[in-house]
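The values are calculated or read from the model by the stated rules, or taken from the named source; none is laboratory data. Just so it is clear, the structure is predicted and the values come from calculations on it, not from any experiment. Counting neighbours? That spans all protein chains shown, and the Cβs are built from the backbone with ideal geometry, glycine included. For the accessible areas, the whole protein counts, side chains as well, though only heavy atoms, and no ligand, DNA or RNA atoms are used. Shrake-Rupley method; radii C 1.70, N 1.55, O 1.52, S 1.80 Å.
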Amino acid sequence: MIYDLIIVGAGPAGLAAGIYAGRYMLRTLIIEKAQDGGQISQTAEIENYPGLRVDVPESGLTLSDRMTEQVKRFGAERALDEIVSFELQFEVKKLTGLSGKVYEARSVILAMGAHYRSIGCKNEDKFRGMGISFCATCDANFFRGLDVYVAGGGDSAIEEAMYLTKFARKVTVIHRRNELRAAKSIQEKAFANEKLSFIWDSVVDEALGDDVLNGLVIKNVKTGELTTIKADEADGMIGLFGFLGMIPNTERLEGCGIELKDGYIAADESTKTNIDGVFAAGDIRIKALRQVVTAVSDGAVAAFQAEKYLAG
């Protein structure tokens with residue numbers, strides 16, 4: 001069977017693309033290797049997606065579940081598989097799954113997303129969403145008035161740390177070197193910020209706590225010395241943000257002809273790639289802001305562009 005459109009990935013971008021493709025009456029297949037929702041399925045609470053009720057907490061899982069139901073309503077077919085090779089240069093695109101099955105379509109939307117580089121400390125997975133976060137824009141408000149720590153020393157880490165000072169009582173940057181990698185102009189602003197401090201030559205070795213994060217073990221990379229930091233008793237928790245970079249899920253695309261830049265797909269706001277009939281939506285493409293709302297926008301645009309391509 002040759003589909004009109006195959007969407008690879010069922011995060012917010014892929015699901016939005018599926019909804020719009022269904023409305024365009026395209027015979028559509030969405031292929032996802034794991035759980036729908038991508039990164040947001042692991043988010044305990046979402047506050048900044050437009051239209052959510054302010055009096056009822058919304059988790060990433062419940063939001064993605066509703067998106068999935070909309071996809072079903074508009075008729076997109078589903079496959080549980082991981083695409084391991086892509087043949088995209090021809091009029092009929094061929095995608096081979098880990099299952100060995102070959103999927104064919106006249107257009108493809110790549111929406112495999114990206115993942116945050118891990119902090120690398122013990123118990124990191126246990127406290128994701130329970131004190132450990134990788135998105136200041138998403139979660140800063142949850143740490144209002146608390147002590148917050150940031151792992152990283154590049155441009156994004158320092159910019160996000162300064163953003164966090166608007167919410168947190170105090171923000172401490174933990175950096176494995178004795179100087180920042182961020183641009184000098186950013187460093188100047190950071191060092192002038194009274195709510196920002198630094199722990200040099202160090203990494204987070206362990207996250208501590210029961211239900212929520214309430215302590216850290218910091219390791220000096222030069223001396224090996226371990227230092228334990230505990231939350232103020234009145235607070236009961238602290239925050240830890242990891243800003244060590246993102247890794248786009250494009251490793252399977254290498255060699256298939258898709259243009260990449262720093263690992264991300266080189267597609268602009270039109271979502272068009274350098275290959276006709278192939279589009280990129282969500283965190284996988286080069287973009288300024290990676291949020292649910294921008295991923296959903298990409299998905300809608302990509303489906304629109306796919307429909308135009310097929311009609312032409």
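Per DSSP H run of at least 4 residues, take -39500 (n - 2.57); add these up for the chain, divide by its residues and hand me the 222 nm value, nearest 500 deg cm²/dmol. Present the calculation step by step, with values, prior to reporting the outcome.
Values: 7 runs with 72 residues, N = 312.
Value at 222 nm, helices only, nearest 500: -7000 deg cm²/dmol.
Quick check: from the Cα gyration tensor, does segment 1-132 come out rounded (a/c under 1.5), prolate or oblate? Judged from the Cα gyration tensor, segment 1-132 comes out oblate (a/c at least 1.5, b/c at or above a/b).
First check a/c for segment 263-312, with a ≥ b ≥ c the square roots of the eigenvalues of its C-alpha gyration tensor; if it is under 1.5, answer rounded, and if not, answer prolate when a/b is larger than b/c or oblate otherwise. Because a/c hits 1.5 or more and a/b fails to exceed b/c, segment 263-312 counts as oblate. Excluding same-chain neighbours fewer than eight residues apart, the lysines reachable from K230 by a Cα-Cα span under 27 Å are K122, K126, K166, K170, K195, K219, K222.
Among S99, S297, S133, the largest mean-square fluctuation in a Gaussian network model of the chain (Cα springs under 10 Å) belongs to S99. Estimate the FRET efficiency between A234 and K195 by the formula 1/(1 + (r/R0)^6), using the beta-carbon distance for r and 25 Å for R0, to the nearest 0.05. So, using R0 = 25 Å, E works out to roughly 0.85.
How large is the accessible surface per residue of the chain, computed with a 1.4 Å probe and reported in Å² as a whole number?
On the way: 15190 Å² over 312 residues.
Accessible area per residue: 49 Å².
Just to be sure I understand: with springs between alpha-carbon atoms less than 10 Å apart, which residue in I275, I286, I247 has the highest mean-square fluctuation in the Gaussian network model of the chain? Looking only at I275, I286, I247, the biggest GNM fluctuation is shown by I275. Computed about its Cα centre, the charge dipole of the chain is approximately 400 debye, with only Lys, Arg, Asp and Glu carrying charge at their Cβ.
Out of the total accessible area of the chain (probe 1.4 Å, heavy atoms of protein only), what percent is carbon and sulfur?
Numbers: 7360 of 15190 Å².
Exposed carbon and sulfur together represent 48 percent of the surface.
Let me know the charge dipole size of segment 107-253 about its Cα centre in debye, to the nearest 20, where only the beta-carbon of Lys, Arg (+1) and Asp, Glu (-1) is charged.
Values: 18 positive and 20 negative charges, 75 e Å.
Its charge dipole is roughly 360 debye.
Note on the chain: antiparallel DSSP beta bridges, both residues inside, total approximately 45 percent of the bridges counted. Counting only aspartates and glutamates at least 8 places from K189 when in the same chain, those with an alpha carbon closer than 16 Å to its own are D155, E159, E160, E179.
Charges were assigned to the Cβ only: +1 to each Lys and Arg, -1 to each Asp and Glu. The resulting dipole of segment 16-119 about its Cα centre is roughly 380 debye. Listed by chain and number, the lysines whose alpha-carbon sits under 23 Å from that of K261, ignoring those within fewer than 8 places in the same chain, are K93, K272, K287. Remark on Y3: its backbone amide H falls under 5 Å from those of E104, A105, R106, a criterion applied only to residues 5 or more positions apart or on other chains, H modelled at 1.01 Å from N.
No disulfide-compatible partner, judged by a Cβ distance under 4.7 Å, exists for the following cysteines of the chain: C121, C256.
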